[in-house]
Amino acid sequence: MQVKEHWLDEFVNTVLDRFKEHVVASGTSISGSAHIGNIADPLFAHAIAVEIRRRGGKAVALWVADDMDPLDSVPPPIPREFNRYLGMPYVDIPDPYKCCRSWAEHFTREFLDATEKLGLDVKYLSGAVMYRDGTYLPWIRMALEKAGNIRTILLRVSGTSKPSDWLPYMPVCENCGKIGTTYAYDFQGDKVLYECTMDVGYAKGCGYRGECDVKDGRGKLQWRVEWAARWAALNVTIEPFGKEHAAAGGSYDTSKVIVKDVFNKEPPIPLTYEHVMINGKKMSKSRGNIFTPQQWFEIAPPQALKFFFFRVHPMRHKDFRVEDLPSLMSEYERAERIYYGFEVVSDPKLMALAKRSYELSQVGEPGNVMPIQLPYDFAVVLVQLYPNISVERLLEILRLTGHIWREPTKEDIDRLVTRLNHASTWIKKYAPEGAKIKLLEDPSLISNVLSDNQKRALIKAAELLLEREWDVNELNNKFFELSRTLSLPPHEFFEAAYLALMGKKSGPRLVNFIAAMGREKVVRYFLAAATSAKSG
RNA sequence: GGGCCCGUAGCUUAGCACGGUAGAGCGCUCGGCUCUUAACCGAGUGGUCGCGGGUUCAAAUCCCGCCGGGCCCGCCA
């Protein structure tokens with residue numbers, strides 16, 4: 001039986017069967033801060049291109065910023081004053097954060113910053129620039145000439161009926177600057193006649209009538225025509241896109257007919273994917289219900305975000321729950337161990353898939369030696385026990401716990417420190433209560449669940465702690481001795497200690513915990529838990 | 001009105017294109033590490049594969065129909 005290939009490799013098999021040279025396009029609307037789901041487009045485009053090249057084909061990956069689109073809602077936290085720009089193209093709207101020349105530039109930079117961190121080698125193109133520099137010009141002219149044909153296609157494929165004078169071009173209104181509200185009804189040569197009279201819900205036309213020269217780049221093609229024009233202009237052969245475009249009668253269905261019948265070119269091979277949801281709900285820029293790559297990079301490395309996408313088939317639903325990040329991270333760490341042969345999986349298929357998912361998730365080539373791992377969930381405990389832990393102390397602990405199996409390099413140490421920072425941010429911003437190490441407010445309340453023997457042990461332990469500062473291993477031995485002296489099974493002593501401190505039966509290694517808390521404070525907790533029952 | 005995806009152990013899921021004894025991880029339980037405690041190791045535990053039909057010697061897998069969950073298109077991109 002043949003080993004099942006990773007879905008990406010299977011996809012590349014099918015595209016290489018068609019031809020050996022490819023242009024892989026992707027595109028994103030610049031409607032605000034991107035969310036992690038928007039990364040799928042350039043991520044897949046890049047990975048496909050890399051794999052085609054690896055197999056001896058030719059491929060380039062593109063990412064187009066759809067920056068001529070009209071603003072149709074102002075996403076939080078951008079102030080409501082920006083409602084006055086509704087209907088205008090993103091390139092003409094000021095930057096809400098005032099650091100860039102325009103809205104488009106700001107959010108494009110933000111997006112490119114994320115693709116760079118993810119190591120995505122995608123060629124950046126701007127829609128607005130392509131309208132200005134003539135890239136789209138031949139296709140705009142053709143679309144105007146064959147507008148009747150396009151109207152027929154829209155009606156037949158998507159059931160959208162347009163008036164008989166409708167043209168697939170949206171000029172920017174010279175008077176009010178809006179692009180979403182203009183209606184182009186006639187043209188002579190490159191001059192398009194329009195009236196700014198449309199009411200599109202989020203914006204209303206100003207009533208101005210004018211004309212616009214398509215060579216000036218002050219306008220855009222209607223989306224489904226634009227998409228087809230982009231394929232034609234850039235010779236796109238492959239494009240990943242979200243399933244909203246893939247529905248029957250949706251934009252892919254329509255654009256593929258337009259590109260064939262109107263532009264006389266072939267549509268790209270699609271790779272459709274399901275959207276990423278957050279906490280079981282759809283991410284929506286306009287509702288502000290998003291998780292951004294920037295937020296991701298505060299709590300986890302870029303490789304893990306890539307892994308999130310590559311580990312499952314793109315058509316599967318993916319739900320990101322930030323409180324479950326540690327389990328995603330441990331899956332990633334496991335894939336890393338499998339990749340480097342430190343862990344063996346009995347099923348060769350699973351093993352191959354884990355390796356390949358790991359490999360695809362790297363930024364650049366994977367290193368020769370496995371990085372020293374600090375499991376995310378362990379990091380979460382460490383940062384809570386030792387909020388300001390030094391590198392020396394960290395290495396000492398990791399040596400004790402067996403995580404360090406070779407001399408750490410500078411890169412290893414950087415990764416470990418980054419991991420601690422990530423874990424610490426995660427704890428502060430997103431951790432569920434269960435992951436937090438929290439001391440009891442009133443340890444005396446716990447006394448009624450403790451046995452007399454457990455209370456005696458806590459008192460003895462408190463006395464021990466008062467004696468002097470102990471070495472952690474020494475203290476650990478003392479705790480075992482103490483339990484035996486009282487004929488108390490050691491685990492009952494430890495349970496009592498955790499109950500007294502946090503109201504739970506287990507916790508991080510007790511002696512470390514005590515060292516982090518400070519012994520005086522621990523003594524107070526132990527005594528309170530052990531004594532108050534008699535008085536109350 | 002139309003389309004897509006998902007439903008497999010308490011949880012997360014692999015397997016489904018090409019039918020052949022349901023497989024992991026987490027959790028849980030127990031044990032080990034002459035002393036263990038949110039770190040390490042081992043074992044055990046656990047599934048009417050959403051439901052009902054059909055095809056077949058044989059169905060988680062193929063076909064039809066339902067149910068439940070989610071998303072999308074039909075307005076704009």
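The values are calculated or read from the model by the stated rules, or taken from the named source; none is laboratory data. Because the structure is a prediction, the values reported are computed rather than measured. Cβ sites come from the backbone with ideal geometry, for glycine too, and all protein chains shown count toward neighbours.
When residues of the range A:402-450 are filtered for being in a loop (DSSP other than H, G, I, E, B), on the phi < 0 side of the Ramachandran plot and either modelled with pLDDT of 90 or more or within 12 Å of RNA strand B (Cβ to nearest atom) (or both), how many remain?
We begin by selecting, within the range A:402-450, every residue in a loop (DSSP other than H, G, I, E, B); these are A:402-409, A:430-432, A:436-442, A:450.
Adding the requirement that they be on the phi < 0 side of the Ramachandran plot leaves A:403-409, A:430-432, A:436-442, A:450.
Cutting the leftovers down to either modelled with pLDDT of 90 or more or within 12 Å of RNA strand B (Cβ to nearest atom) (or both) gives us A:403-405, A:431-432, A:436-439.
Within the range A:402-450, residues that are in a loop (DSSP other than H, G, I, E, B), on the phi < 0 side of the Ramachandran plot and either modelled with pLDDT of 90 or more or within 12 Å of RNA strand B (Cβ to nearest atom) (or both) number 9.
If I ask for residues that are part of a loop (DSSP other than H, G, I, E, B), closer than 27 Å to residue A:222 by Cα and either more than 22 Å from the chain's Cα centre (by Cα) or modelled with pLDDT of 90 or more (or both), which ones from the range A:42-90 would you list?
Of everything in the range A:42-90, those that are part of a loop (DSSP other than H, G, I, E, B), closer than 27 Å to residue A:222 by Cα and either more than 22 Å from the chain's Cα centre (by Cα) or modelled with pLDDT of 90 or more (or both) turn out to be A:67, A:68, A:69, A:71, A:72, A:73, A:86, A:87, A:88.
So which residues in the range A:177-204 are assigned to a loop (DSSP other than H, G, I, E, B) and either under 17 Å from residue A:69 (Cβ atoms) or near RNA strand B (Cβ under 10 Å from one of its atoms) (or both), if there are any at all?
A:177, A:178, A:179, A:180, A:181, A:198, A:200, A:201, A:202, A:203
Enumerate the pairs (first residue in the range A:167-191 and farther than 18 Å from residue A:143 by Cβ; second residue anywhere and buried (at least 18 other Cβ atoms within 10 Å of the Cβ) and polar (S, T, N, Q)) with beta-carbon separation below 7 Å, excluding pairs fewer than 6 apart on the same chain, so at least 6 apart or on different chains.
A:173/A:181; A:173/A:182
Determine if the range A:112-130 includes at least one residue that is within 16 Å of RNA strand B (Cβ to nearest atom), buried (at least 18 other Cβ atoms within 10 Å of the Cβ) and free of Cβ contacts under 8 Å to residues at least 60 places away in the same chain.
No, the conditions are met nowhere in the range A:112-130.
For residues that are more than 6 Å from RNA strand B (Cβ to nearest atom) and under 12 Å from residue A:157 (Cβ atoms), scanning just the range A:235-257, find the one that is surrounded by the most Cβ atoms within 10 Å (Cβ to Cβ).
A:255
Whether any residue in the range A:65-78 is of a type outside the set (Phe, Trp, Tyr) and farther than 30 Å from residue A:199 by Cα is what I want to check.
no
Let me confirm something: among A:302, A:270, A:314, which residue is away from RNA strand B (no atom under 11 Å from the Cβ), touching a residue at least 60 places away in the same chain (Cβ under 8 Å) and not acidic (Asp, Glu)? Spell out the reasoning first.
Working: A:270 fails: touching a residue at least 60 places away in the same chain (Cβ under 8 Å); A:314 fails: away from RNA strand B (no atom under 11 Å from the Cβ).
Criteria check complete, one pass: A:302.
Output the residues belonging to the range A:1-41 that are crowded, with 18+ Cβ neighbours inside 10 Å and in a helix (DSSP H, G or I).
Residues satisfying the conditions are A:7, A:8, A:11, A:12, A:15, A:36, A:37, A:38, A:39, A:40, A:41.
Looking at the range A:493-520, which of the residues that are at pLDDT below 80 and charged (D, E, K, R) is nearest to RNA strand B (Cβ to nearest atom)?
For the range A:493-520, the residue satisfying everything is A:509.
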